[in-house]
Structure formats: C-alpha cells, structure tokens
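Take a look at the structure below.
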Amino acid sequence: MLQHIDEEIYDHIIWILEHRCEEYQKKYGDDFPKVLDACLNEYLNILNDEMQPDVIFFAKVANNRHYMSRIVRSYLQGRHSTAYTQLKNILKSYDDLYVTEIAKDELYYRMRSFEKRKGLSRKDLFHIPMTKKRIIKTQRYSAPGYPCLYLGKSIYGCWEEMHRPNTETTMISCFRSQKSFNVLDLRVPTLDEFFKETEKYLQLFPFFIACGIPVRNSEEVFKPEYIVPQLLIEWIIVRNQSKEQPLLGIYYTSANRNSDFYILDHEWDNLAIPVQNAMSSEEFCPVLKDLFHCTTPTCYEYEHIQGNINATGYWDNGPKRKAPEGFKDGYYMSVFSRMEELIERKMFYEVDTEELD
C-alpha cells in the first residue's frame, strides 16, 4: 500500500509541524484558513509524491484533510453547529485510532504563576475553581469560562506552554494518576511509533496539523488556531454525557516544542481534562479529584534555600532520566530536570486535604 517510507519522509512531515506552519503564518498573515490549507496541502503532496499510496488510502487521508479545512471555514462563517457536526462525523470512523489509556501511577506536572507565592496549597495548582469561571480565559483545548485541568509530562514543557514566564514567579506541583482512564490521543508519534503504525498516523496527521499550529498572536482575544482543538474538547464533553465509553480528556503534543534543550519526544506531551460537571456547586470536580493526587506547590528557590537541591554539579544519586551520550549539559543538568527528580519523591495527597508534606 505504501512505498519508499524512510526517516527522511518522517522528518519532512514533522518539519511541517515544527517550522512550515510559522513560515506560512508569515506569508499569509491573519488568513488562518490559507495557513491551514498550505500546511495540509504540503502534507498531502509528501504522501502522494513520495509514498505512493493506493488510491483508496490516499482518498481517505485527503478526505480528512478537506474535513479540517471545511470545519474551520464553517466556524469562521458563524456556523458553529455545522462545524461541530462535521467534526463529529469524521470522528465516527476513527474510534480504533485515537483512543489510548493513561495508566495508574503516571506522573505529570503543573506550573502556575503567582504574584505572591506564600501560603499556597494544592488547591492553587488544581483546575480553576468552578466558583471562579469568570476568570477562565480561552486556551487551546478549553473555551472561556469552562474549567479544564492542564498537565505536562515535563516541567520544561509546562514552562514553554506558559510562554516562558519568569521562574521566580512560578510554582510547581507533581500529579500522580490514581486510576487508569481513556483519553483521545493526538500526540505526534516518534520515528519508531510512526514506522510501527504508519497507516494509522498518516490518517491522523491532518488532525495533528489542524490542532498544532502555534498561535500567531497570544495577545489576541480570538485565536483561530484553537478552533479545531476546542471543538474536539466539546465533542469529548458531549460524549461523556452519553452512554458511550468516556474519554476524559485529550493527550496532545505541545505546539511550542523546540530543540533548545534535549528532552525525549514524549516529554512534550500534555493532558487537557475538562471538568465533568461544570454546573456542580462544588469548588473542584469530584471526578478529577479522584483521578489525581498531587504534591504541595514548590519552586526551585524554596528547595535550594532548604538545602534540598544543589545549585550546580551532578546529583549525588544521579537523575534517573539520563540523556543520551553528548547531551549531559542539556536538559539532564537543567533546573527543570532537577526539580522533577525532587518533586517526584514528595508526598501525594488529594487536592483539598489539609495534610502537609
């Protein structure tokens, strides 16, 4: 079905996500449909010219590409319900492709900025309370006013998602899953994963592109780059209110990933999990409280002052996530990696417990 698949082709596809999106943004400016179409068309050209798929398979991928374009245009024309229906229709065909399980005891991180870092508790690092919906701004996988818990697989990934805030104003907690649960999987595959399930990922790349274009202007109120991601989270919310097997959130690759540090590909993975009953009178979602326990918020400055972390040099016990040979001075030696090692050894509790570490 597919021929001439090699690492160079994979790199070319990834290049669209990591670089060409921004190049097309410079070329087409605020015309997001043109940016999206250019990225999707380049992807189809790679598939058609270099992989030589059979006609039926290529038509299937091309259909996904055109659906992404139609969804965005319907939304921008004010036909939000049409855009949602178009997305729902295409997702019906892919139950076996996009579902993955988050296992019990997996670790994630959450970072938030605070003007004053004194007296913070686990509650301050959980989702925005449902009693404070008015302060919730739009994010890639959540609409204004709807609480959503965002978690990252690495502290560095969290920092990039927050557009590199001053680390002197941030606090961090580690989250541990208390049970297994299913999510929609939109993570960009590694090279090995791509080769193992090539046809699966070739069909999903139009979704990755439509969901992964970086925001052109983070100060703008409306961000067209969020159209497809937010429709996806709406689809999950609606699905979870039905009798279908729930998908509690979305597992996705950061649109802000870069090569400034060497970190493993899946250290860029993020979870976005919406609250399960936004009309609840409770402060925090009971489902999410049961899903994760977390550590008391901390930061590098606090841990260094307390003598828990060295300012320079190697750890005495050595970080367990060692980078490959030649990368010891990258993420392996960074503040982010050191904090991950330290926080993971702290005590985990339910978000609203009064018990201290």
- Considering amide H positions built from the backbone, and no H for Pro or chain starts, which residues 5 or more places from T190, or on another chain, come under 5 Å of its amide H? none
- Cα→Cβ-extended label distance, 7 Å offset, between K200 and S280, nm: 3.1 nm
- Item | Gain upon complete extension [T85, L191; 0.36 nm per residue less C-alpha separation] | 34.9 nm
- Carbon-plus-sulfur fraction of the accessible area of region 72-121, 1.4 Å probe, in percent? 44 percent
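Name the shape class, rounded, prolate or oblate, that the alpha-carbon gyration tensor gives for region 125-264, where a ≥ b ≥ c are the square roots of its eigenvalues, rounded holds for a/c under 1.5, and otherwise prolate holds if a/b is larger than b/c and oblate otherwise.
Working: a/c = 1.37, a/b = 1.10, b/c = 1.24.
Rounded is the answer for region 125-264, as its axis ratio a/c remains below 1.5.
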- On the accessible surface of region 134-235, probed at 1.4 Å with all protein chains in place, carbon and sulfur together account for a percent value of 46 percent
- Derived scalar couplings ³J(HN,Hα) [region 207-213; Karplus, 6.51 cos²θ - 1.76 cosθ + 1.60; whole Hz; x for Gly, Pro]: 5, 4, 5, 5, 9, x, 6
- Picking from Y146, Y156, P129, whose Cα lies most toward the positive end of the charge dipole for region 117-166 (charges on Cβ: Lys, Arg +1; Asp, Glu -1)? P129
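Order the peptides 160-173, 248-261 from the highest to the lowest mean number of other Cβ atoms within 10 Å of their residues. Present the calculation step by step, with values, prior to reporting the outcome.
Details: 160-173: 15.8, 248-261: 19.3.
So the order, starting with the most tightly packed, is 248-261, 160-173.
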- Note on the structure: In nm, the gap between the two label points placed 7 Å beyond Cα toward Cβ at R239 and V221 is 3.2 nm
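Restricting to Cα atoms and excluding each atom paired with itself, what does the Kirkwood estimate give for region 51-189 in Å?
Values: mean 1/r = 0.0543 Å⁻¹.
For region 51-189, inverting the mean 1/r across all distinct Cα pairs yields 18.4 Å.
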- Task: Keeping all protein chains in place, calculate the accessible area per residue for region 1-133 (probe 1.4 angstrom), answer in Å².
- Result: 53 Å²
- Query: According to the square roots a ≥ b ≥ c of the eigenvalues of the Cα gyration tensor, what is the shape class of region 135-191, taking rounded for a/c under 1.5, prolate for a/b larger than b/c otherwise, and oblate for the remainder?
  - Reply: rounded
- Item | Where labels lie 7 Å past Cα in the beta-carbon direction, separation of Q306 and S180 in nm | 3.4 nm
- Message: As I understand it, the dipole of region 189-255 uses +1 on the Cβ of Lys and Arg and -1 on the Cβ of Asp and Glu, about the Cα centre. Which of Q245, A210, F194 lies farthest toward its positive end?
- Response: Q245
- Query: In terms of the Cα gyration tensor, with a ≥ b ≥ c the square roots of its eigenvalues, is region 120-165 rounded because a/c is under 1.5, prolate because a/b exceeds b/c, or oblate?
  - Reply: oblate
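How far, in nm, would the chain grow between E22 and V287 when pulled straight, counting 0.36 nm per residue and subtracting the alpha carbon separation? Walk me through the numbers before you get to the answer.
Working: separation 265, 0.36 × 265 = 95.40 nm, distance 3.76 nm.
Full extension from E22 to V287 adds 91.6 nm.
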- Cα-based reach from K200 at 20 Å (exclusive), listing lysines while leaving out same-chain residues under 8 positions away: K60, K88, K92
- Task: For region 18-24, just list the computed ³J(HN,Hα) in residue order, Karplus coefficients 6.51, -1.76 and 1.60, θ = phi - 60°, integers in Hz, with x standing in for Gly and Pro.
- Result: 8, 9, 5, 4, 5, 5, 5
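Counting other Cβ atoms within 10 Å, keep those with at most 14, restrict to DSSP loop, and tell me which GluC sites (Glu not before Pro) in region 177-239 are left. Walk me through the intermediate numbers first.
On the way: sites: E193, E197, E199, E219, E220, E225, E234; in loops: E197, E219, E220.
Counting only loop positions with at most 14 other Cβ atoms within 10 Å, the GluC sites (Glu not before Pro) in region 177-239 are E197, E219, E220.
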- Task: At 0.36 nm per residue, minus the direct Cα-Cα distance, what do N258 and H12 gain on full extension? Give it in nm, one decimal, please.
- Result: 87.0 nm
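Just the accessible area per residue of region 192-250, please: how many Å² with a 1.4 Å probe? Could you put the intermediate results ahead of the total?
Values: 2590 Å² over 59 residues.
Ligands and nucleic acids excluded, the figure is 44 Å² per residue.
The values are calculated or read from the model by the stated rules, or taken from the named source; none is laboratory data. Predicted model only: the values in this text are computed from it and were never measured. Using ideal geometry, Cβ is built from the backbone for each residue, glycine included, and neighbour counts are taken over all protein chains shown. Side chains are part of the model used for accessible areas, which takes the heavy atoms of the whole protein and leaves out ligands, DNA and RNA. Shrake-Rupley method; radii C 1.70, N 1.55, O 1.52, S 1.80 Å.
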